[in-house]
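So the structure is just underneath, and the comments pick up after that.
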Amino acid sequence: MVGEIVAPFGIKGEAKVRLSTDFPDRFSRLRQVCLRMPDGTMSLYDVETARHHKEQVLLKLRGVNRIEDVELLRDSQVLVRGSEAVRLPANEFYIHDLVGCEVVTESGRALGTLTSVLRGNANANDIYVVGEGKSEILLPAVREVVRNVDMQARRITVAPTPGLLPDEHETAG
């Protein structure tokens with residue numbers, strides 16, 4: 001996912017897209033996007049224009065010509081083909097590739113499956129969410145904790161600092 005349609009812009013069918021990519025310049029090169037609607041259906045659209053506006057992108061899609069057309073697309077995720085994804089440097093990964101990986105400690109203890117990543121801002125690191133509900137574990141995505149990502153094995157090896165795991169309780173003495 002590279003963004004989400006959040007609102008119409010103007011009266012000629014442009015859509016405001018909240019960015020969820022570290023590469024916003026990619027929009028100027030896109031010829032097509034796939035929209036995943038809130039109900040899960042997906043549709044392919046040709047991109048007529050894309051321009052930056054106040055930390056968002058204004059996206060004009062072929063066949064979307066009115067405010068009402070954009071309203072029907074509100075809250076849709078903007079997706080691109082894997083072949084159009086920006087190549088990342090070594091040891092950097094797309095969130096959608098990490099989600100679903102098994103997370104284990106260096107000693108081999110299975111912690112669960114990575115279910116999501118909470119994005120940090122410029123001053124904070126991302127947080128890996130492992131498991132769900134009461135068994136959910138939050139791990140900072142920093143080198144000291146995330147030791148290895150093996151995409152072939154779909155396994156992330158971590159070295160959580162003391163107190164990060166729910167069953168580790170410090171005793172008062």
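Just so you know, all these numbers are worked out from the coordinates, no wet-lab data involved. This is a predicted model, so every value here is computed, not measured. Don't worry about glycine lacking a Cβ; one is built from the backbone with ideal geometry, like all the others, and counts go over all protein chains shown.
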Within the range 61-110, DSSP-loop GluC sites (Glu not before Pro) with at most 14 other C-beta atoms within 10 Å are 92, 106
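Can you give the Rg to Rh ratio for the range 3-83, taking only C-alpha atoms and Rh from Kirkwood? Don't skip to the answer; put the middle values down first.
Details: Rg = 11.3 Å, Rh = 12.3 Å.
Over the Cα atoms of the range 3-83, Rg/Rh equals 0.91.
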Burial-style ranking of 4-12, 35-43, average other-beta-carbon count within 10 Å with highest first, yields 4-12, 35-43
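Provide the packing ranking of 138-144, 60-66, i.e. peptides ordered by the mean count of other C-beta atoms within 10 Å per residue, highest first.
Details: 138-144: 14.4, 60-66: 16.4.
The most tightly packed comes first, giving 60-66, 138-144.
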Going fewest to most other Cβ atoms within 10 Å around each Cβ, 67, 156 line up as 67, 156
Over the Cα atoms of the range 95-158 the radius of gyration and the largest Cα-Cα distance (Dmax), both in Å, equal 11.1, 32
Note to self: Kirkwood Rh of the chain, Cα pairs, one decimal, Å, is 18.3
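Can you sort 34, 101 so the residue with the fewest Cβ neighbours within 10 Å comes first?
34, 101
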Convex hull around the C-alpha positions of the range 52-104: the volume in Å³ per residue is 163
HN-Hα couplings for the range 102-118 via Karplus (6.51, -1.76, 1.60; θ = phi - 60°), in whole Hz with x for Gly/Pro, come out as 6, 10, 10, 7, 4, 7, x, 6, 6, 9, x, 9, 5, 9, 6, 10, 8
